[in-house]
């Protein structure tokens, strides 16, 4: 694997890549890094693709500017990254927060989108009220952490007081079926990513812009995604169950929806072989892109 930095939208994005061919851009979730895709990079590259796994803007070794981390700015970063890497289009695969970004990317930057792979996070219509208000109205404990993250400084104070416990609690103990994949060594990789003072703030800012994203995406809510897409659900994800993907065909006419059994929220890490198999079958069925 090769490491590098690419300039886009005024910042540098860190990435790990392997292979040559059409570009597949892998976008991780919270609280992760490019490392969440470690099991997919080599087999996808061996199948004839240029596979680039990034640290999202504000994460890991990517720049952490003091900006508004909203969906327009973030997807502009992806668009510029594709150009910076010398390509015209990419298939974007996104898990968790990456999933929340790759579906809007296909609408805001349709010309650069060869396809989309969503993991766990389906393409959902906007709720009737701003997102945080919607979560308060439904009163689900599953979303309480999102509301807590709105408390600027307080959220950072709590997380930074025990970063190892925070990472272990989220990745291994809360929404996970295959807990054994999160060894002490793996957990340390993620904890070290967020251990520097202030490193957790930009990722939490993604959550603090959810209501802003709700406003920004209003003009695109009825816009269909016209490229072929793949939605990978996880049978045991308690926060994002497969049922959330029901009806996606109304927004994405050409979408294949699959469900991986014995799997919690961290799909590409809990069931790497099955995830890779579905991704490869989808990618190899697409028309070639540059």
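Express the Stokes-Einstein translational diffusion coefficient of the range 78-184 in µm² s⁻¹, to the nearest whole number, given a Kirkwood radius over alpha-carbon pairs, 10 °C and a viscosity of 1.306 mPa s. Don't skip to the answer; put the middle values down first.
On the way: Rh = 16.7 Å.
Stokes-Einstein gives a translational diffusion coefficient of 95 µm²/s.
With just the Cα atoms defining each centre, how far is the range 142-195 from the range 40-82? Give it in Å.
Value for the Cα centre distance between the two parts: 21 Å.
For the range 37-97, what is the per residue volume of the convex hull drawn over the alpha-carbon atoms, in cubic angstrom? Let's see the in-between values first.
Details: hull volume 6.3 nm³, N = 61.
So the per-residue hull volume is 104 Å³.
Which whole-number percent is the relative contact order of the range 2-284 (Cα, under 8 Å, 6+ apart)? Don't skip to the end; give the middle numbers.
Details: 515 pairs, mean separation 55.5, N = 283.
Worked out over the range 2-284, it gives 20 percent.
Relative contact order, percent, of the range 19-63 when contacts are C-alpha pairs under 8 Å separated by at least 6 residues? List each step's numbers first, then the result.
Details: 67 pairs, mean separation 22.1, N = 45.
About 49 percent, as a whole number.
Could you work out which residue, out of 30, 134, 105, moves most in a Gaussian network model of the chain, that is, has the largest mean-square fluctuation with Cα springs under 10 Å?
So, out of 30, 134, 105, the one fluctuating most is 134.
Relative contact order of the range 129-223, please, whole-number percent, based on alpha carbon pairs below 8 angstrom and at least 6 residues apart. Could you put the intermediate results ahead of the total?
Working: 46 pairs, mean separation 37.2, N = 95.
Rounded, it is 39 percent for the range 129-223.
Read the figures in this text as sums done on the coordinates, not as results from a lab. Keep in mind that what you see is a predicted model, and the values were worked out from it rather than measured.
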